[in-house]
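Quick one: this structure, given as structure tokens, is what I'll be asking you about.
The values are calculated or read from the model by the stated rules, or taken from the named source; none is laboratory data. Values in this document were obtained by computation on a predicted structure and should not be read as measured data. In this analysis, Cβ positions are derived from the backbone assuming ideal geometry, glycine residues included, and neighbour counts consider all displayed protein chains.
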């Protein structure tokens, strides 16, 4: 599996990506029609404060029903102001053989030139909408954290309301060691400071409302000195 990682600049998102246009383009009579599938989503991770010259990484976990949808791309649209719509989708020819595997993948949208102020990204999947809110500055010294800080927000997938006292674990992907293990607060937040060190590939595992969601981020890893926010639905 090799999910597509796209790069965009604000505010001219849609022009630079163009993936939606390719997906919707007509096919000649000599070629199979294109099948576009909007994918289900259940978590997003991102560096929620972006300094000047840095890149915002939106790492979206999606679910795919067959091998034909396992490689996701993003369709991005400016909604006006500082709001953007991001749709994870997959495209394949209608005559392509598909195998039902019910897999999970993570695709990354890289955003450069984020600018100044709050930017809100609505990640609209087939089943749910995740919201990633980012604060950006052109100041290269804007991010002051001394180490990786995880800011996990647990929300109910059905109601989008916070899940109080959800059980949260943060694991190191490389050796499966436990970095944090505890309960979210009454607003569904769980915070953890990881001492600054090598970039961290991680798993965030959340159980609440008798459901469990695991977000696995191998790359791009959480980066030393940059806070890592996670919005995860159970």
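Can you name the condition, by its number, that residue 154 falls short on among (1) in a strand (DSSP E or B); (2) surrounded by fewer than 22 Cβ atoms within 10 Å (Cβ to Cβ); (3) in the same structural domain as residue 209 (by TED's automatic domain parsing)?
With (1) in a strand (DSSP E or B); (2) surrounded by fewer than 22 Cβ atoms within 10 Å (Cβ to Cβ); (3) in the same structural domain as residue 209 (by TED's automatic domain parsing) applied to residue 154, the lone miss is (2).
Here is a further query. Given the criteria in the same structural domain as residue 212 (by TED's automatic domain parsing) and part of a loop (DSSP other than H, G, I, E, B), does residue 165 qualify? Working first, answer last.
Numbers: in the same structural domain as residue 212 (by TED's automatic domain parsing): yes; part of a loop (DSSP other than H, G, I, E, B): yes.
Criteria met by residue 165.
So for segment 132-141 (the condition being outside the structural domain of residue 88 (by TED's automatic domain parsing), touching a strand residue (DSSP E or B) at 6+ places or on another chain (Cβ under 6 Å), surrounded by 17 or more Cβ atoms within 10 Å (Cβ to Cβ) and in a strand (DSSP E or B)), does at least one residue qualify?
For segment 132-141, residues outside the structural domain of residue 88 (by TED's automatic domain parsing), touching a strand residue (DSSP E or B) at 6+ places or on another chain (Cβ under 6 Å), surrounded by 17 or more Cβ atoms within 10 Å (Cβ to Cβ) and in a strand (DSSP E or B): absent.
I need the full set of residues from segment 207-234 which are under 16 Å from the mean Cα position of the chain (by Cα) and more than 19 Å from residue 147 (Cβ to Cβ), in order please.
213, 214, 215, 216, 218, 219, 231, 232, 233, 234, listed by residue number.
Could we say that residue 57 is part of a strand (DSSP E or B), over 22 Å from residue 127 (Cα atoms) and modelled with pLDDT of 95 or more here? Please lay out each step first, then the result.
Values: part of a strand (DSSP E or B): yes; over 22 Å from residue 127 (Cα atoms): yes; modelled with pLDDT of 95 or more: yes.
Yes.
Here is a further query. So if I check each of 193, 185, 181, which one is assigned to a loop (DSSP other than H, G, I, E, B) and in contact (Cβ under 8 Å) with a residue 12 or more places away in the chain? Talk me through it step by step, then tell me what you get.
On the way: 193 fails: assigned to a loop (DSSP other than H, G, I, E, B); 181 fails: assigned to a loop (DSSP other than H, G, I, E, B).
The unique qualifying residue is 185.
Failed condition for residue 125, given (1) surrounded by fewer than 17 Cβ atoms within 10 Å (Cβ to Cβ); (2) within 13 Å of the chain's Cα centre (by Cα), with all others met?
Only one criterion is unmet by residue 125, namely (1).
With the structure loaded, tell me whether residue 165 is surrounded by fewer than 16 Cβ atoms within 10 Å (Cβ to Cβ), in contact with a strand residue (DSSP E or B) (Cβ under 8 Å, 6 or more places away or on another chain) and at positive phi or whether it fails that test. Walk me through how you get there before you give the answer.
Working: surrounded by fewer than 16 Cβ atoms within 10 Å (Cβ to Cβ): yes; in contact with a strand residue (DSSP E or B) (Cβ under 8 Å, 6 or more places away or on another chain): yes; at positive phi: yes.
Against the criterion (surrounded by fewer than 16 Cβ atoms within 10 Å (Cβ to Cβ), in contact with a strand residue (DSSP E or B) (Cβ under 8 Å, 6 or more places away or on another chain) and at positive phi), residue 165 qualifies.
Check off (1) surrounded by 14 or more Cβ atoms within 10 Å (Cβ to Cβ); (2) part of a strand (DSSP E or B); (3) touching a residue at least 24 places away in the same chain (Cβ under 8 Å) for residue 114 and give me the number that stays unchecked.
(2) is the only condition that residue 114 fails.
Only one of these is closer than 24 Å to residue 213 by Cβ and in contact with a strand residue (DSSP E or B) (Cβ under 8 Å, 6 or more places away or on another chain): 70, 77. Name it.
On the way: 77 fails: closer than 24 Å to residue 213 by Cβ.
Going through 70, 77 in turn, the sole match is 70.
Among the residues that make up segment 53-61, is at least one of them farther than 28 Å from residue 150 by Cα and out of contact with any helix residue (DSSP H, G or I) (no Cβ under 8 Å at 6 or more places or on another chain)? Please lay out each step first, then the result.
First, pick out the residues of segment 53-61 that are farther than 28 Å from residue 150 by Cα: none.
The answer is no; no qualifying residue exists.
Separate question: Can you tell me how many residues within segment 186-205 are under 17 Å from residue 160 (Cα atoms) and within 16 Å of the chain's Cα centre (by Cα)?
Going through segment 186-205, the residues under 17 Å from residue 160 (Cα atoms) turn out to be 186-190.
With the extra rule that they be within 16 Å of the chain's Cα centre (by Cα), the set shrinks to none.
Adding up the residues that qualify gives 0.
If you don't mind, there's one more thing I want to ask. For segment 207-218, enumerate the residues that are in contact (Cβ under 8 Å) with a residue 24 or more places away in the chain and either outside any strand (DSSP E or B) or surrounded by fewer than 16 Cβ atoms within 10 Å (Cβ to Cβ) (or both).
Pass one, segment 207-218, residues in contact (Cβ under 8 Å) with a residue 24 or more places away in the chain: 207-209, 211, 213, 215-218.
209, 211, 218 - these are the residues of segment 207-218 that are in contact (Cβ under 8 Å) with a residue 24 or more places away in the chain and either outside any strand (DSSP E or B) or surrounded by fewer than 16 Cβ atoms within 10 Å (Cβ to Cβ) (or both).
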